[in-house]
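Visitor: Provided herewith is a single structure, encoded as structure tokens, for subsequent inquiry.
Each value in this text was obtained by applying a stated rule to the coordinates, not by laboratory testing. Remember, predicted model here, so these are calculated numbers, not experimental data. Ideal geometry is used to build each Cβ from the backbone, glycine not excepted, and the neighbour counts take in all protein chains shown.
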Amino acid sequence: MTGRRTFGDSGQAFPIYITVVGGLLFLAFAYLAVGQAAANRNGAQTAADAAALAAAQETRDQLAGDWLEVVADPTKWQAILDGDGALFNGCWRAHELADQNDAEVQGCGATGLLGYKVDVVTNKSVGDSIVPGTEDFKSTASATAVIEPRCTFDLPGEGAVGDDGNDTLPLPQLTCGGTNWDPDPADPITLPEPEDLFDVHLAD
């Protein structure tokens, strides 16, 4: 009697065991699908961030080149530091960086600020999973990178004269992110690099 009752109890427990194991397997595959989707979204965001930064750095370098062309005339410095004359032709760099991150640029252009907004889509889908439709789902992401001047300076006051007593004045000192520069067009070592003149970062 006792043996038959034990066997019967075991028989009743077996379907419950199968149900529990099946449920656990389903949850495991569901978590895997969620992880695949998250990884795909992260890849899209990485590609968008890199693309936007690359485009903004291209324009930053152009502005730094413009500043070097007028370094002998400090009255023109501020306009360039403010982004006047910026050419927003850096989207080719966005395409390069997106491609390196296995994504494609869907949109790229200047923002209301001095910078770029880039939209990308991943080349690869999330992949097969227990969630229907993921095999064709591709993640999208957007990023905005801005260019901000890092330098300040003071122009000589009206009527100022140089150390030699004539109207030839030394160039004003630039203060860029806590570092002082005394620009001398004849000495490249005294001229700041693009990253000294401008900061490029992702918008908050």
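Visitor: May I ask you to derive the FRET efficiency for S125 and D204 from their Cβ-Cβ distance with R0 = 30 Å, giving the value to the nearest 0.05?
Guide: Details: r = 30 Å, r/R0 = 1.01.
Computed FRET efficiency for S125 and D204 comes out at 0.50.
Visitor: Give me the distance in nm between label points sitting 7 Å out from Cα along the Cα-to-Cβ direction at D184 and Q106, one decimal.
Guide: 5.4
Visitor: When you count, for each residue, the other Cβ atoms within 10 Å and take the mean per peptide, how do 59-71, 170-182 rank with the highest first?
Guide: Per-residue Cβ counts within 10 Å, averaged per peptide and sorted highest first, yield 59-71, 170-182.
Visitor: Tabulate in residue order the Karplus-calculated ³J(HN,Hα) for region 145-151, using 6.51 cos²θ - 1.76 cosθ + 1.60 with θ = phi - 60°, rounded to whole Hz; enter x for Gly and Pro.
Guide: Per-residue couplings from phi come out as 10, 10, 10, 10, x, 10, 10 Hz.
Visitor: Give me D199, D84, D49, D187 sorted ascending by neighbouring Cβ count inside 10 Å, so fewest comes first.
Guide: D187, D84, D199, D49
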